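The values are calculated or read from the model by the stated rules, or taken from the named source; none is laboratory data. Quick caveat, the model's predicted, so the values are computed rather than measured. All Cβ positions, glycine included, derive from the backbone under ideal geometry; neighbour counts span all protein chains shown. The accessibility values were calculated without ligands, DNA or RNA, using every heavy atom of the protein model including side chains. Shrake-Rupley method; radii C 1.70, N 1.55, O 1.52, S 1.80 Å.
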Amino acid sequence: MGQIQRCLVIGSINIDLLGRVERIGRRDEEVDVKNLTLAPGGHAGNCATALALLGTQVRLVGSIGNDVLGRLAGDALKGAQVDVDFLEHEDDRGTGLVFIPVLPDGDKTLYFARGANEALSIPHLEKAASECTTVIIFDPPCVLFSRLAEVARARIGVFAPGGLVFKAPVEKLTPLLGAVRYLVLNGPESRVLGGVNSPRQAAISLARRWDLSAVVTIGAQGCWIANPHGEAWHCPSFEVNVVDATGAGDAFVAGLCVALAQGRQPFAAIRTGCAVGALATRALGAQASLPHSAEVEALLSHCQPKLGTAEAPRLIPDSPERSSQQSLPTVSLGADGWRGIIGEGFSTVAVVNLVNSIAFNLRARMGEGSVLVAHDARYQSEQCARHAAAMLDSLGLRSVFAGTLPTPVTNFVVRKQGFLGAVIITASHNPFYWNGVKLKVAPGMPPGADLEAAIEHRRLVPAPNLGQIVEAQVFDSDPMLRDFTTALLAQVDVGAIRRANLHVVIDGLHGVAGTLLGQVLREAGCQVNVIGGDADPFFCGMVPDPMRAQSRLRLSEAVRDCGADVGMLTDGDGDRLGVLDSKGDFIWPHDVLALLAKLGDRFDPAPGAIATTVATGSVVRRVCRNLGRDVIETRVGFKHIAPLLRSNRVIMGGGGVGDVGFRLHGCDRDPFLAALMLLQMMAEEGQPLRILVARLQAMHGPTVYREMAFRAMDISADSIEALGLHAVDVAGLATADITIGHVDGTKIYLNDTEWLLLRASTTERVIRASAEMSSHEKMSTLLAAIAEEFTGKLK
């Protein structure tokens, strides 16, 4: 990781007495303690040792006793190459001692005798601070805060008060909070100091209040960091075999400071902190498994972060291609394009090699022509888009660089301008640390399975050396944006929408489509408020996915505050739509699709079915039955619906993630038109959206829909089916009428409206479970049975 200049660490130095317990005992209860161990510890001692192992010159200021424990602590620090010349040695107080019973999951409780730590006076503080560029302050006596603030103010100051927030009033902490640049707290500490339960909101509140960067660590869920401008980023943790979490927070601070001193941006620095903290939990004792820099780099380079939820994939080492002779980074093919984590799977090299294969196959199949190149606002998107354009040019295809465009607009341009296709650098709805490549082919739709297979077959062939990147032909997107808006408005009854004077709040989630959607709806006559319309490479710490409940909280609050009629969200590249009613409640995509099917039937009265993915709720099928339309069920992913639109077999199609497309408006999804059509329906009915949904459910029967995901190792399709059938049986829902479909995974139909779908994700190592039941009770019973099946048998 490279050396940084000397770092000063100030705070407690202890000896930890650790042991394993099955549980924390009740009053007067005797609990067995196993593996009793004496080990060096203390916040400052742990952090200083971690810094030294990471290649940093570190100086420690603290106080220990002139006793056996003090000699044990001092020897351990010297052995780690920590500068201990400024330690104070107390004759009247013993070395700090902490008893730590460690639970089976690695969590722990601390019983702390501070001892000599209370005697810390720092008589040589200014001398100790000389030559140090960074100062880390943990939990010194409060009487020293003003003096420590003077030292911190002139350096990169980091304050991790730990237990002080529970003992000292905030007025005592004020001098240091006003002097440091970074504040690091764990979840309980942030609730006390920030006054809110949400780690994200606590980080934002503390950062604004004290004009610093606030970090809140949340264990296996990673951490949040916020800046004084109110922007917050989340970083997931890394999955390791946790033995003992003692000292993980101190190790996190060390990793954070090393990365900051190396000039890394805060969002990247906290990822290093998470890696160091995770590795520090592998053995009993705070310092027993502190990593060297090579271990940290290996974890950062070869492992995916852990999201810390049921949706999280297991850590996956790089694919076999990464370890081949070429050692090429590679992005993975998923439901819509190729994606990878930035700096691990996704890189300029990976994009160039993929586009090399795309260009070869496009030219072989379609001949010469032009390819549009666009990108979203993610980190490295523009750079990789320019490299993609250069690769297309080098292989004889004329590239036209469009810059930042929402994906539906790119599809429209391909269709109207006669491009062979488009290469779009985006990772759609994934978190900011992902990026990827989408390919669209004429007339503006995803590639077929045969083209994807051909690209996959050739994409690991090393691309030719591009040499100097030549500026591509630049596409003027403004006229086409106007044409796109005109085409949209021509499809709906603008007069009806205008007369209804609907108030819409849009959250663009800091992707590239929110502002444009707002402009379109204003031209349709709506009163529009746009939040999150400013495109940000890191999405201001949010996940740009309308289907995530956490991503909808801001819009839900805004809809209620504004008294709006409806709220709408778009994802990172603008091809998904989320909808909230006037109370800020989420409307499931299948309900939106069912409502749109009624208007779509009028919009396109010619013969044709309606397509849905296998994970879509059954209300669409019941609505179509009333309309006299067949339903074609496809695999998950709009790329399976697009060919049906192009072939005129279906008039419209959609899935369970806010993806809707219409035959008369192209072959791919377009949430812009879906939004306008939904507003037209509200205008014509003269009723709030929640009433329209209630009527839909009253007419066709209310159901309960849920989705879950389970981490999975390799598991066969037969095993997935067997687990699903057993879960249905355990839940008491099995009947003689059960049928099973295999369109995508295993779908167990209990009857016309109740079903369970289990399928392996195309992009993550998880088993996704979708279910629809007639009551909340049935759903709860089924989900409990599924969870028991998977947690019990997939370990």
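For this structure, a couple of remarks:
- Computed [θ] at 222 nm, deg cm²/dmol, the chain (DSSP H ≥ 4; -39,500 (n - 2.57); rounded to nearest 500): -11500 deg cm²/dmol
- Taking every protein chain into account, the 1.4 Å probe leaves residue 330 with about 20 Å² of accessible area, to the nearest ten.
- Modelled FRET efficiency - R0 30 Å, residue 38 with residue 142, Cβ distances, 0.05 increments: 0.55
- Length released on extending from residue 646 to residue 66, taking residue separation times 0.36 nm less the Cα-Cα span: 200.6 nm
- All C-alpha to C-alpha distances of region 497-576, sorted into 5 Å bins beginning at zero, yield P(r) values of 3, 18, 28, 25, 17, 7, 2, 0 percent in whole numbers.
- Of the DSSP H helices in the chain, those that are both long (alpha-carbon extent of 18 Å or more along the helix axis) and hydrophobic (Kyte-Doolittle mean at least 1.0) are 248-261, 266-279, 671-685.
- Spherically averaged projected area in nm², based on the convex hull that wraps the Cα atoms of region 366-429: 4.1
- For the pair residue 630 and residue 549, label points projected 7 Å from Cα toward Cβ lie 3.9 nm apart.
- Only beta bridges with both residues in region 516-661 are counted; by DSSP, about 50 percent of them are antiparallel.
- Rough spin-label spacing in nm, given labels placed 7 Å along Cα→Cβ, for residue 26 and residue 534: 5.5
- With a simple spin-label model that places each label point 7 Å from the Cα along the Cα-to-Cβ direction, the separation between residue 695 and residue 715 comes to 4.3 nm.
- For the chain, the alpha carbon positions stretch 93, 66, 54 Å along the principal axes, listed from largest to smallest.
- Modelled FRET efficiency - R0 25 Å, residue 89 with residue 150, Cβ distances, 0.05 increments: 0.50
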